[in-house]
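The values are calculated or read from the model by the stated rules, or taken from the named source; none is laboratory data. For clarity, every value in this text was computed on a predicted model and none was experimentally measured. Every residue, glycine among them, receives a Cβ derived from its backbone with ideal geometry; neighbour counts consider all protein chains shown. Heavy atoms of the whole protein, side chains included, go into the accessibility calculation; ligands, DNA and RNA do not. Shrake-Rupley method; radii C 1.70, N 1.55, O 1.52, S 1.80 Å.
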Amino acid sequence: MAALDEHIAFSVFRLLVMVVSLVGNAVTLFVIVSYEKIRGQGANILFAQLAVADFILGIGAGARGVSTIVFHQFGLTSHRKGLCLALGSPTVFGIHLSQTTMVTIAFDRFLCVRFPIFYRHLECSHFLLLRCALCVFYSSLGTAASYLGVAFEAEVEICSTGTAITSWYSVYWLIFSTVLTIVIYIAYIAIFVLFRRQSSAAFGKSTTQKALFATTTAVLVSYFVCWCIRNVLFVVFKQTDSSKTLIGYVGVLTGVGGALSSTTNIFIYGWKHPDMRCQLKKILGGLTGTTSVGAVNVQLQDVTVK
């Protein structure tokens with residue numbers, strides 16, 4: 001695993017993930033912010049918040065890719081913990097923000113289905129800003145805490161967050177990731193049961209809410225594949241008192257999974273979210289149309305010259 005992490009091809013893969021993540025999530029944010037119909041729904045604001053988290057995870061993937069290439073170029077085989085923490089901070093913050101946003105999305109869908117009238121009263125700018133601020137605040141605290149008690153000048157062979165953090169933060173990460181994952185899936189099982197029991201005339205089962213439900217389901221499946229599986233591996237290795245090196249490998253895997261998860265939601269929105277899909281098609285169609293007009297103009301100019 002260490003050899004794979006240090007391989008130039010793996011670093012190039014991370015850089016490609018960064019490009020897809022940055023471009024795709026930037027377009028997603030542009031669509032949500034620019035179109036009032038999409039921006040006016042609280043669930044879509046949460047999707048925008050998730051896109052911000054994915055954007056940051058893309059930056060984290062790029063930072064790891066570039067640093068590995070630089071380490072390889074200069075022949076560095078040991079690294080200071082402080083540097084490794086700094087390089088991993090975008091990923092740590094992005095995972096925190098992604099996790100807390102996923103919990104918020106689960107409760108948003110639960111309120112929409114179980115208490116539709118109360119939910120409609122909550123969809124105001126102050127409430128949307130408050131829950132966003134809480135997610136960002138907790139994510140910032142969780143990221144800053146990773147620096148507490150770390151011997152910054154100490155060196156490690158594998159430059160990952162897993163090898164740099166203290167043992168107490170490993171325990172915190174284990175509890176944080178496990179508890180939030182359980183909460184998300186319990187909440188979503190309850191949502192699914194309530195959703196199936198509702199009449200077709202209910203607010204929570206309107207055409208718009210059905211589309212949001214389908215989008216959330218797809219996001220959750222991606223979340224399970226990219227996050228839950230690697231989280232289970234972390235729990236197993238932690239409970240079996242595995243070596244710090246092995247936990248460091250899992251830290252590398254966590255970063256890769258986070259990077260991949262930062263790209264999947266882009267395609268999910270274009271596949272399952274009808275409003276976003278429509279606007280994305282318009283944007284792509286406009287770019288294609290502009291290119292086509294430019295090509296025709298060039299051809300006409302050539303004909304005129306001849």
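Which of (1) modelled with pLDDT of 90 or more; (2) surrounded by 16 or more Cβ atoms within 10 Å (Cβ to Cβ) does H79 not meet, given it meets every other one?
(1)
Going through region 118-144 one residue at a time, which ones are surrounded by fewer than 15 Cβ atoms within 10 Å (Cβ to Cβ), at pLDDT 90 or above and among the polar types (S, T, N, Q)?
If the condition is that a residue be surrounded by fewer than 15 Cβ atoms within 10 Å (Cβ to Cβ), at pLDDT 90 or above and among the polar types (S, T, N, Q), then S140 is the only one that fits.
Give the residues of region 7-59 that are more than 21 Å from K272 (Cα to Cα) and open to solvent by 40 Å² or more (accessible area, probe 1.4 Å), sorted by residue number.
If the condition is that a residue be more than 21 Å from K272 (Cα to Cα) and open to solvent by 40 Å² or more (accessible area, probe 1.4 Å), then H7, I8, A9, V12, F13, L15, L16, M18, V19, I59 are the ones that fit.
Could you tell me whether any residue of region 90-102 is open to solvent by 30 Å² or more (accessible area, probe 1.4 Å), β-branched (V, I, T) and either touching a Leu at 6+ places or on another chain (Cβ under 9 Å) or under 27 Å from F195 (Cα atoms) (or both)?
no
Only residues in region 150-179 that are under 16 Å from T68 (Cα atoms) count as the first member; pair them with residues that are loosely packed, with under 15 Cβ neighbours inside 10 Å and among the aliphatic types (A, V, I, L, M), Cβ under 7 angstrom, at least 6 apart or cross-chain, and list the lot.
Cβ pairs passing all conditions: I158/A2.
Report every pair of residues separated by at least 6 positions or lying on different chains whose Cβ atoms are under 7 Å apart, first residue within region 123-147 and polar (S, T, N, Q), second not in a helix (DSSP H, G or I).
These pairs meet every condition: S146/I165.
Of the residues S67, S78, which single one is farther than 22 Å from L15 by Cα and of a type outside the set (A, V, I, L, M)?
It is S78.
For L87, are the conditions met, namely being at pLDDT 90 or above, crowded, with 19+ Cβ neighbours inside 10 Å and within 20 Å of A61 (Cβ to Cβ)?
Yes.
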